[in-house]
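Enquirer: Please find one structure pasted underneath; my questions will follow.
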């Protein structure tokens, strides 16, 4: 079955860049996503990338996809204290009804 | 356009009782997904429904759990005879089509005493 893995924790200073990494196993993934979850809240879609792309930039967010190594990363430039949250990587396959398979989440702590 | 609504936000049940979780998708959305998040874990897919049809229930336990999405009204996730291991946050997401983004509700946090 599909599997998505992430590191558990990342600590970063305010103003620095954060890089969150994710690996996945399903080579038929159609889309790859990054979601943000703040305490007690639902999930907010930050960005997503089609599997035939290798990079997407959206303001402070840059997503890199290495399809050969099945590696996805999210870079947050100029990290702010409001970026402290849990970040989930997820993948979906259209053939599987686009259900999302999530990683375990990376808890990002931004220190002032 | 209101987002995905879930109620209740918090639900406490004793072992053996039934839990009913409701999800109202965004207006115009006919695809509903349910996910479960156990403490300190990621979300796990449970079931995918379109209006009146279960499309994929491969992530849902075979016993005690059921889901429906009637022609009128919200989608319901029903858990019969709850056990402590059912304590989790249950999230619903909706989309307008397979190509489009899933929008998540705020979740229902179920606690089984």
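The values are calculated or read from the model by the stated rules, or taken from the named source; none is laboratory data. Computed from a predicted model, the values in this text were never measured in an experiment. Here the Cβ is made from the backbone with ideal geometry for all residues, glycine too, and neighbour counts use every protein chain on show.
Enquirer: Scanning region B:90-113 for residues that are part of a loop (DSSP other than H, G, I, E, B) and at the interface with another protein chain (Cβ under 8 Å from one of its Cβ atoms), which turns out surrounded by the fewest Cβ atoms within 10 Å (Cβ to Cβ)?
Expert: Narrowing region B:90-113 to residues part of a loop (DSSP other than H, G, I, E, B): B:96-102, B:105-107, B:113.
Subset that is at the interface with another protein chain (Cβ under 8 Å from one of its Cβ atoms): B:98-99, B:101-102, B:105-107.
Working: B:98: 15, B:99: 10, B:101: 15, B:102: 25, B:105: 25, B:106: 18, B:107: 26.
For region B:90-113, the residue satisfying everything is B:99.
Enquirer: Here's a follow-up. Which pairs have Cβ atoms under 8 Å, sit 6 or more apart or on different chains, and link a residue in region A:81-93 that is more than 14 Å from every other protein chain (Cβ to nearest Cβ) and farther than 12 Å from residue A:39 by Cα to one that is crowded, with 20+ Cβ neighbours inside 10 Å and at pLDDT below 95?
Expert: Matching pairs, first to second residue: none at all.
Enquirer: Restricting to region B:35-45, and then to whatever is surrounded by 15 or more Cβ atoms within 10 Å (Cβ to Cβ) and in contact (Cβ under 8 Å) with a residue 40 or more places away in the chain, can you tell me which residue is farthest from the other protein chains (Cβ to nearest Cβ)?
Expert: B:36
Enquirer: Does region B:1-23 hold any residues that are under 24 Å from residue A:34 (Cα atoms) and either in a strand (DSSP E or B) or away from every other protein chain (no Cβ under 14 Å) (or both), and which are they?
Expert: Once the filter is applied, which keeps residues that are under 24 Å from residue A:34 (Cα atoms) and either in a strand (DSSP E or B) or away from every other protein chain (no Cβ under 14 Å) (or both), region B:1-23 yields B:1, B:5, B:6, B:23.
Enquirer: Restricting to region B:76-89, and then to whatever is without any contact (Cβ under 8 Å) to a residue 60 or more places away in the chain and under 28 Å from residue B:2 (Cα atoms), can you tell me which residue is nearest to the other protein chains (Cβ to nearest Cβ)? Full working, then the answer.
Expert: The initial filter retains those residues of region B:76-89 that are without any contact (Cβ under 8 Å) to a residue 60 or more places away in the chain, namely B:76-77, B:85, B:87-89.
So of that shortlist, the ones also under 28 Å from residue B:2 (Cα atoms) come out as B:76-77, B:87-89.
Values: B:76: 18, B:77: 15, B:87: 15, B:88: 14, B:89: 9 Å.
So, considering only residues that are without any contact (Cβ under 8 Å) to a residue 60 or more places away in the chain and under 28 Å from residue B:2 (Cα atoms), the one nearest to the other protein chains (Cβ to nearest Cβ) is B:89.
Enquirer: Let me ask something additional. Please work out if residue B:73 is surrounded by fewer than 22 Cβ atoms within 10 Å (Cβ to Cβ) and either within 14 Å of chain A (Cβ to nearest Cβ) or part of a loop (DSSP other than H, G, I, E, B) (or both).
Expert: Values: surrounded by fewer than 22 Cβ atoms within 10 Å (Cβ to Cβ): yes; either within 14 Å of chain A (Cβ to nearest Cβ) or part of a loop (DSSP other than H, G, I, E, B) (or both): yes.
Yes: the conditions hold for residue B:73.
Enquirer: Just name the residue that is nearest to residue A:23 (Cα to Cα) out of those in region A:95-112 that are part of a loop (DSSP other than H, G, I, E, B) and in contact (Cβ under 8 Å) with a residue 40 or more places away in the chain.
Expert: Only one residue fits best here, namely A:103.
Enquirer: Turning to a different aspect of this structure: From A:44, A:57, grab the single residue that is surrounded by fewer than 18 Cβ atoms within 10 Å (Cβ to Cβ) and more than 11 Å from chain B (Cβ to nearest Cβ).
Expert: A:57
Enquirer: Let me ask something else. For the list (1) touching a strand residue (DSSP E or B) at 6+ places or on another chain (Cβ under 8 Å); (2) away from every other protein chain (no Cβ under 14 Å), I need the number of the one condition that residue B:32 fails.
Expert: (2)
Enquirer: Shifting gears a bit: If we scan region B:49-70, do we find a residue that is within 8 Å of chain A (Cβ to nearest Cβ), surrounded by 14 or more Cβ atoms within 10 Å (Cβ to Cβ), on the phi < 0 side of the Ramachandran plot and not in a loop (DSSP other than H, G, I, E, B)? Before the answer, list the steps.
Expert: So in region B:49-70, the residues within 8 Å of chain A (Cβ to nearest Cβ) come out as B:55-56, B:59.
Next, from what is left, pick out any that are surrounded by 14 or more Cβ atoms within 10 Å (Cβ to Cβ): B:55-56, B:59.
Checking which are on the phi < 0 side of the Ramachandran plot leaves us with B:55-56, B:59.
From what is left, the residues that are not in a loop (DSSP other than H, G, I, E, B) are B:55-56.
Among the residues of region B:49-70, at least one is within 8 Å of chain A (Cβ to nearest Cβ), surrounded by 14 or more Cβ atoms within 10 Å (Cβ to Cβ), on the phi < 0 side of the Ramachandran plot and not in a loop (DSSP other than H, G, I, E, B), which makes the answer yes.
Enquirer: Restrict the check to region A:25-48 and report whether at least one residue is within 26 Å of residue B:49 (Cβ to Cβ), part of a helix (DSSP H, G or I), at pLDDT below 95 and out of contact with any strand residue (DSSP E or B) (no Cβ under 9 Å at 6 or more places or on another chain).
Expert: no
Enquirer: Can you pull out every residue in region A:59-112 that is in contact with a helix residue (DSSP H, G or I) (Cβ under 7 Å, 6 or more places away or on another chain) and farther than 16 Å from residue A:48 by Cβ?
Expert: Narrowing region A:59-112 to residues in contact with a helix residue (DSSP H, G or I) (Cβ under 7 Å, 6 or more places away or on another chain): A:76, A:108, A:110, A:112.
Across region A:59-112, the qualifying residues are A:108, A:110, A:112.
Enquirer: Could I ask something else about it? Take the residues of region B:10-24 that are within 14 Å of the chain's Cα centre (by Cα) and more than 15 Å from residue A:43 (Cβ to Cβ): which is surrounded by the fewest Cβ atoms within 10 Å (Cβ to Cβ)?
Expert: First pass over region B:10-24, keeping only residues within 14 Å of the chain's Cα centre (by Cα): B:10-11, B:19-24.
Of the ones still in play, those that are also more than 15 Å from residue A:43 (Cβ to Cβ) are B:10-11, B:19-22, B:24.
On the way: B:10: 12, B:11: 18, B:19: 22, B:20: 14, B:21: 22, B:22: 16, B:24: 19.
So the residue we want is B:10.
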